[in-house]
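Input: a single structure, listed below in structure tokens.
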Amino acid sequence: MAVKGTGPYNPENIFAKILRGDIPCKKVFENEWVLAFQDIAPKAAVHVLIIPKKPYVSFIDFTKSASEDEISGVMKAAGKIASDLGVDETGYRVITNAGENSGQEVPHFHLHLLGGQPLPPFPV
Ligand code: AMP
């Protein structure tokens, strides 16, 4: 079996189930490109996960496989979400984990948006 965040997309991962509506989430934002929801185990006062609606396992898979419109749509949505949550004034962090060395748990590409408080020195 492939390391999480590498290899083919597994449609049984937990974010795929959230996208299908099989399990609930605390939705923050949705448009044609992304779904954003609260992390179930928040590491900061603001901890939102931003996921593309289409199936990509990782950042590299996303940048290789997504259309220019989709890459733009996902990044612009992430910026809007950060702005709407008010973290641009106080500061924030956007990270993505990919593959075994990063500790990626869920093999569906996602951005973590962290903020709302002073964050520990990078890396968290
Ligand atoms: P990563 O290690 O980058 O793959 O991060 C996966 C994140 O998904 C972790 O921060 C988890 O707390 C979060 N997570 C796992 N299951 C759920 C869920 N059902 N709803 C919301 N967040 C989740």
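Hey, what angle do you get for helix 68-84 against the long axis of the chain, alpha-carbon based, 0 to 90 degrees rounded to 10?
Once rounded, one gets 30 degrees.
For segment 45-115 and segment 18-37, what is the centre-to-centre distance using only Cα atoms, to the nearest Å?
13
Please enumerate, by chain and number, the aspartates and glutamates with C-alpha under 16 Å from the C-alpha of Lys53, excluding those fewer than 8 residues away in the same chain.
Leaving aside aspartates and glutamates fewer than 8 places away in the same chain, those within reach of Lys53 are Glu12, Asp22, Glu30, Glu32, Asp61, Glu68, Asp69, Glu70.
Per residue, what volume in Å³ does the Cα convex hull of the chain take up?
Per-residue hull volume (Cα only) is 105 Å³.
Laboratory data are not the source of any read-out in this text; all were calculated from the coordinates shown. All values derive from a computational prediction rather than experimental measurement.
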